[in-house]
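K.L.:
This is the structure I have questions about; it appears just below.
The values are calculated or read from the model by the stated rules, or taken from the named source; none is laboratory data. These numbers were taken from a predicted model, which means no experiment stands behind them. Glycine gets a Cβ as well: all are built from the backbone with ideal geometry, and neighbour counts include every protein chain shown.
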Amino acid sequence: MRISVIGCGYLGAVHAAAMASLGHDVVGIDLDERKIDLLARGESPFFEPGLPEMLAEQTASGRLRFSDSIEEARGAKVHFLALGTPQSSSGSADLSHLLTAVADLLLVLQPGDLVVGKSTVPVGTAAHLALTIEAAGATLAWNPEFLREGHAIADTVKPDRLVYGVNDERAVALLDEVYGGILALGTPRMVTDFATAELVKVAANAFLATKISFINAMAEIAEVAGADVTQLADAIGMDDRIGRRFLNAGLGFGGGCLPKDIRGFIARAKELGVGDSLAFLHEVDRINLRRRDRVVTLVRDELGGSIANHRVAVLGLSFKPDSDDVRDSPALDVACRLVLEGARVSLTDPQAIETSKRLMPSLDYRDDMLDAVADAEVLLVLTEWREYRDLDPVSLADRVAGRTVIDARNCLDVERWQAAGWRVVSLGRPVAAPRVLSDV
């Protein structure tokens, strides 16, 4: 099938490449010429494991191409809308990119075409857009995405579910054709109305954010009570009704989805007159932001009450591993707070140095991790990259000025670091003091 994908950011670029891998003839369209040039060469503008290889393969096959002209979408049978909906100053979603794309698409839309929304939007948006699109003789469907950065390819070609929000059964048949290869794998498919499909994504993210903030609230209690939040999470996670996933206490969530979506969800609920129904999400957000405060406090305490002029090494800048995304990154936020308090901070990350420089160009970035930790009095692990989880604490000990590590993601083997002479400070766990030789 001929398909267009309007908007080639993170969602759109992944979706376009994945649809081509399913055998479709796909054109991706975006106004950013630099981005289009990179994608057309089979290069990814951002870090996502497996995407460069898929882009190169599909562009070479001729099934995938990119353009900055909406005219290239003419003749496609299905048009996916994959525009960003960033948070506005009021907290609600900014739909300007999406609305502009729809207006442009109307210039080339033909009767019988299907327009499919992938963007995360406030409930009610699809019903509004449907009036305009149906007036052009086309049909609208809403098909929310559930991508996890670092796993986006698998989440697109082997999703755990497909949701179709429709008001016309013809849309179901066309979407089934688009996703035929995925449905053949036994992927569950759910057909709903527009409003339900729009709510699925934000409701899912609100639930995940709540689960993360819940275990972080338990970490606050565990620190005072002397309990171990990781063991607590293991114990309650054995309950099938709760489950262990997303119960990892630490620095909290960030990125371009969860923070934006819960705040946008709160704003939309207020607009609908049911703001009290999501009042709890305000506390979810506050708990999440408190984790950043807590890490800064731990650094201050470990350095005797003042951070000024002390050497601190930060490992990890992206909001999660296997990504170069630093949007609302807790790690980058903590690093900036330490700098503002006068610390001499060196920062490193396997992928996110360049994206961090665009936001905070004046910080002291180090490409070499060993260079970043040299002479540090305190080491902070702020993103749980495998490279940092697998660090050898014995060899690292000779490079630092102080053997204190703050494990803000509870990702280190505490006993291994303790045995190597390190003081390990974690969130929600008792401090692990260095072992002396007689202890080993």
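K.L.:
Could you tell me whether residue 303 is of a type outside the set (D, E, K, R), touching a strand residue (DSSP E or B) at 6+ places or on another chain (Cβ under 7 Å) and modelled with pLDDT of 95 or more?
P.N.:
Considered against the rule, which asks whether it is of a type outside the set (D, E, K, R), touching a strand residue (DSSP E or B) at 6+ places or on another chain (Cβ under 7 Å) and modelled with pLDDT of 95 or more, residue 303 comes out as yes.
K.L.:
Looking at the stretch 101-141 only, could you name the residues that are closer than 16 Å to residue 28 by Cα and of a type outside the set (A, V, I, L, M)?
P.N.:
104, 117, 118, 119
K.L.:
What are the residues in the stretch 352-404 that are farther than 20 Å from residue 301 by Cα, in contact with a Gly (Cβ under 9 Å, 6 or more places away or on another chain) and acidic (Asp, Glu), if any?
P.N.:
The answer is 384, and nothing else.
K.L.:
Taking the criterion of being assigned to a loop (DSSP other than H, G, I, E, B), on the phi > 0 side of the Ramachandran plot, assigned by TED's automatic domain parsing to the domain that holds residue 164 and without any contact (Cβ under 8 Å) to a residue 60 or more places away in the chain, would at least one residue in the stretch 61-69 satisfy it?
P.N.:
yes
K.L.:
Of all residues in the stretch 80-115, which are within 10 Å of residue 6 (Cβ to Cβ) and not in a helix (DSSP H, G or I)?
P.N.:
80, 81, 82, 83, 115
K.L.:
Of (1) small (Gly, Ala, Ser); (2) within 26 Å of residue 425 (Cα to Cα); (3) touching a helix residue (DSSP H, G or I) at 6+ places or on another chain (Cβ under 8 Å), residue 256 satisfies all except one. Which?
P.N.:
Answer for residue 256: the failing condition is (2).
K.L.:
Related question: Please tell me if residue 72 is closer than 20 Å to residue 150 by Cα and not hydroxyl-bearing (Ser, Thr, Tyr).
P.N.:
no
K.L.:
Still on this structure: Can you find even one residue in the stretch 173-192 that is in contact (Cβ under 8 Å) with a residue 12 or more places away in the chain and touching a Ser or Thr at 6+ places or on another chain (Cβ under 7 Å)?
P.N.:
No, the stretch 173-192 has no match at all.
K.L.:
Another question, if that's okay. Counting only residues that are in contact with a Ser or Thr (Cβ under 7 Å, 6 or more places away or on another chain) and either more than 21 Å from residue 246 (Cβ to Cβ) or not hydrophobic (A, V, I, L, M, F, W, C) (or both), how many does the stretch 145-159 have?
P.N.:
Qualifying residue count, the stretch 145-159: 4.
K.L.:
Okay, next question. Using beta carbons and a limit of 6 Å, which pairs, at least six apart or on different chains, have the first residue in the stretch 350-375 and under 15 Å from residue 331 (Cβ atoms) and the second one in a helix (DSSP H, G or I) and not charged (D, E, K, R)?
P.N.:
356/332; 365/353; 366/372
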